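Q: Quick one: the structure is below, and I'll ask about it shortly.
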Amino acid sequence: MAEITQPLVKKRISSIDILRGAIMLIMALDHVRDFFHHVSINSDPTDMATTTPILFFTRWITHFCAPTFVFLSGISAHIAGTRRTKAELSAFLIKRGLWLVFVEVVILTFAFSLNPFYNVFILQVLWAIGWSMILLGLVVRAPLTVIAVLGGLIFFCHDILDYVTFPKTGLASSLDNLFLTAQGSVISLGSNHFAFDLYAIIPWTGIMFLGFVFGKLYTPSFDAQKRKKILRFAGISTLVLFVVLRVINKYGDPNPWGIQRDGVYTVLSFLNVSKYPPSLLYSCMTIGTSLVILSLIENIQNKFTNILIVYGNVPFFYYVLHFYLIRTFDVILFFASGYHTNQIVSKNSGFLFRPADMGFNLFGVYLVWLLVIVILYFPCRWFSQYKKTHHQWWLSYL
């Protein structure tokens, strides 16, 4: 009788959770670097003139996080559709997209700035995922072929916009930034408020659409061996396309590579593709790698993958929580470093409690990162188990 009354455990796809868990951990490294590296505000880790190989790769490895996160969100949307009608899936995606936009604008903007007056709104990956879900919700009733064509056109062709001149001011410029070309763009919202937009909506929507198409491979009736072959072929083909187009150096990225002072920095230049907005080569390099990894980890299970699955089960919960934990440590470091309340607002930083010269070297950054992910393991493990054994409607939004 006790067995009968036990709550049902929801079944998840372990390979997706393993990969998602890995990218969530790597993602935290970049955010820790933003707030704890003593030169992060005034330097660019991908600037060939000033970077070092270890600093470059500390930033470069995190390039794989956002596109994989968005792509896997598309796969998850397709899986969610197997339990819903097209109309129900459309409504769910639109509502969840609006929820993510709200979280980005209100909850995560505050985590970044700690500014209760919201003089600046930070528009990042949840903003992009939210709007991508809304757009997917609007077209999800169309045949999968139509969504594949739309996603492919955006994915492969949006870099044509590099050769188009857009308005520099006014409403047209703001709309261009929001939808097509955002790269840390500042959008005025009045005399004392503005938005800092890092994620252009349309290019990321293309990745979401293609993820939704690949979700077809994860339907229960699809042959596992065939799925792995398709993933491996698609991933390798995408990586080959990246190498070919990068060697040609004419299309696919607005940042051409060039010969540097030595071979190491020349390789760094070759790998230094553009995330804002995500160029074709950036997307090929990251999504191609993720597809190959998905094809290789489907049947892998060990202690390490079990740890990754804990984080991958609750990516939204982890994502929001890790920002607040990082900022809590940041405030502690602020006062421990001898700064005073009259220095909370810094002219050289858009964030409160973040003087431009505060922080550690890279070794210290990695130590803080390890501390963050270890601490978050325990609440993530609890919430992961809770989600597996409970069925409240609101859990679909977390």
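The values are calculated or read from the model by the stated rules, or taken from the named source; none is laboratory data. Not measured: the values here are computed from a predicted model. All Cβ positions, even for glycine, are placed from backbone atoms using ideal geometry, and neighbour counts span all protein chains on display.
Q: What are the residues in the range 80-119 that are buried (at least 18 other Cβ atoms within 10 Å of the Cβ) and hydroxyl-bearing (S, T, Y), if any?
A: S90, T109, S113
Q: Also, quick follow-up: Would it be correct to say that F155 is surrounded by 14 or more Cβ atoms within 10 Å (Cβ to Cβ), among the aromatic types (F, W, Y) and in contact with a His (Cβ under 9 Å, 6 or more places away or on another chain)? First the steps, then the outcome.
A: Numbers: surrounded by 14 or more Cβ atoms within 10 Å (Cβ to Cβ): yes; among the aromatic types (F, W, Y): yes; in contact with a His (Cβ under 9 Å, 6 or more places away or on another chain): no.
Criteria not met by F155.
Table: residues versus (1) touching a strand residue (DSSP E or B) at 6+ places or on another chain (Cβ under 8 Å); (2) under 18 Å from V149 (Cα atoms); (3) part of a helix (DSSP H, G or I).
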residue: G206; (1), (2), (3): no, yes, yes
residue: S221; (1), (2), (3): no, no, no
residue: L231; (1), (2), (3): no, no, yes
residue: A234; (1), (2), (3): no, yes, yes
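Q: Next up: In the range 312-352, how many residues are assigned to a loop (DSSP other than H, G, I, E, B) and either closer than 22 Å to H193 by Cα or touching a Lys or Arg at 6+ places or on another chain (Cβ under 6 Å) (or both)? Reasoning before the result, please.
A: Initially, the range 312-352 is screened for residues assigned to a loop (DSSP other than H, G, I, E, B), giving 314, 337-340, 344-352.
Imposing the further condition that a residue be either closer than 22 Å to H193 by Cα or touching a Lys or Arg at 6+ places or on another chain (Cβ under 6 Å) (or both) reduces the set to 344-352.
Counting residues in the range 312-352 that are assigned to a loop (DSSP other than H, G, I, E, B) and either closer than 22 Å to H193 by Cα or touching a Lys or Arg at 6+ places or on another chain (Cβ under 6 Å) (or both) gives 9.
Q: Return a yes/no flag: does the range 299-306 have any residue that is in a helix (DSSP H, G or I) and among the charged types (D, E, K, R).
A: Pass one, the range 299-306, residues in a helix (DSSP H, G or I): 303-306.
Next cut, among the charged types (D, E, K, R) only: 303.
There is at least one residue in the range 299-306 that is in a helix (DSSP H, G or I) and among the charged types (D, E, K, R).
Q: Of all residues in the range 83-106, which are of a type in the set (S, T, Y) and assigned to a helix (DSSP H, G or I)?
A: Answer for the range 83-106, where residues must be of a type in the set (S, T, Y) and assigned to a helix (DSSP H, G or I): just S90.
Q: Which one of T219, T305 is at pLDDT below 95 and polar (S, T, N, Q)?
A: Numbers: T305 fails: at pLDDT below 95.
Exactly one residue qualifies, and that residue is T219.
Q: Filter the range 240-274 for residues that are crowded, with 20+ Cβ neighbours inside 10 Å, in a loop (DSSP other than H, G, I, E, B) and not small (G, A, S) and give the result.
A: Hits for the range 240-274 are D253, N272, V273.
Q: Give the residue that is farthest from F92 (Cα to Cα), with candidates limited to residues of the range 357-398 that are surrounded by 14 or more Cβ atoms within 10 Å (Cβ to Cβ) and β-branched (V, I, T).
A: Once the filter is applied, the top-ranked residue is V365.
Q: A follow-up question, please. May I ask you to list the residues in the range 27-81 that are among the aliphatic types (A, V, I, L, M) and under 20 Å from Y265 (Cβ atoms)? Quick ask: steps written out before the conclusion?
A: In the first step, residues of the range 27-81 are kept if they are among the aliphatic types (A, V, I, L, M); the result is 27-29, 32, 39, 41, 48-49, 54-55, 61, 66, 70, 72, 75, 77, 79-80.
Those that are among the aliphatic types (A, V, I, L, M) and under 20 Å from Y265 (Cβ atoms): V39, M48, A49, I54, L55, I61.
Q: Something else now. Conditions first: (1) in contact (Cβ under 8 Å) with a residue 60 or more places away in the chain; (2) within 25 Å of L281 (Cβ to Cβ). L153 passes all but one, so which condition is the exception?
A: With (1) in contact (Cβ under 8 Å) with a residue 60 or more places away in the chain; (2) within 25 Å of L281 (Cβ to Cβ) applied to L153, the lone miss is (1).
Q: Go through the range 179-193 and give me each residue that's among the hydrophobic types (A, V, I, L, M, F, W, C) and assigned to a helix (DSSP H, G or I). Write out each step before concluding.
A: If we filter the range 179-193 for residues that are among the hydrophobic types (A, V, I, L, M, F, W, C), which is where we start, we get 179-180, 182, 186-187, 189.
Of everything in the range 179-193, those that are among the hydrophobic types (A, V, I, L, M, F, W, C) and assigned to a helix (DSSP H, G or I) turn out to be F179, L180.
Q: Then there's this: With the checklist (1) closer than 23 Å to K216 by Cβ; (2) part of a helix (DSSP H, G or I) in hand, flag the one item L55 doesn't pass.
A: (1)
Q: Further, regarding this structure: Output the number of residues of the range 348-398 satisfying the condition of being among the hydrophobic types (A, V, I, L, M, F, W, C), over 29 Å from S40 (Cα atoms) and more than 24 Å from the chain's Cα centre (by Cα).
A: Residues meeting the conditions: 1.
Q: While we're looking at this one, here's another question. All but one of (1) crowded, with 20+ Cβ neighbours inside 10 Å; (2) over 22 Å from P278 (Cβ atoms) hold for V39; which doesn't?
A: The failed condition is (1).
Q: Only one of L100, L93, L108, L126 is farther than 26 Å from A28 by Cβ and under 20 Å from the mean Cα position of the chain (by Cα). Can you tell me which? Spell out how you get there, then give the answer.
A: On the way: L100 fails: farther than 26 Å from A28 by Cβ; L108 fails: farther than 26 Å from A28 by Cβ; L126 fails: farther than 26 Å from A28 by Cβ.
Matching residue, one of L100, L93, L108, L126: L93.
Q: Are any residues in the range 108-131 over 18 Å from L189 (Cα atoms), in contact with a Leu (Cβ under 9 Å, 6 or more places away or on another chain), in a helix (DSSP H, G or I) and in contact (Cβ under 8 Å) with a residue 60 or more places away in the chain, and if so, which ones?
A: The first filter runs over the range 108-131 and keeps only residues over 18 Å from L189 (Cα atoms), leaving 108, 111-112, 114, 125-126, 128-131.
With the extra rule that they be in contact with a Leu (Cβ under 9 Å, 6 or more places away or on another chain), the set shrinks to 108, 114, 125-126, 128-131.
Next, from what is left, pick out any that are in a helix (DSSP H, G or I): 108, 125-126, 128-131.
Once the filter is applied, which keeps residues that are over 18 Å from L189 (Cα atoms), in contact with a Leu (Cβ under 9 Å, 6 or more places away or on another chain), in a helix (DSSP H, G or I) and in contact (Cβ under 8 Å) with a residue 60 or more places away in the chain, the range 108-131 yields L108, V125, L126, A128, I129, W131.
Q: Condition first: within 26 Å of the chain's Cα centre (by Cα), closer than 23 Å to D17 by Cβ and polar (S, T, N, Q). Now tell me which residues in the range 218-268 satisfy that.
A: T219, T238
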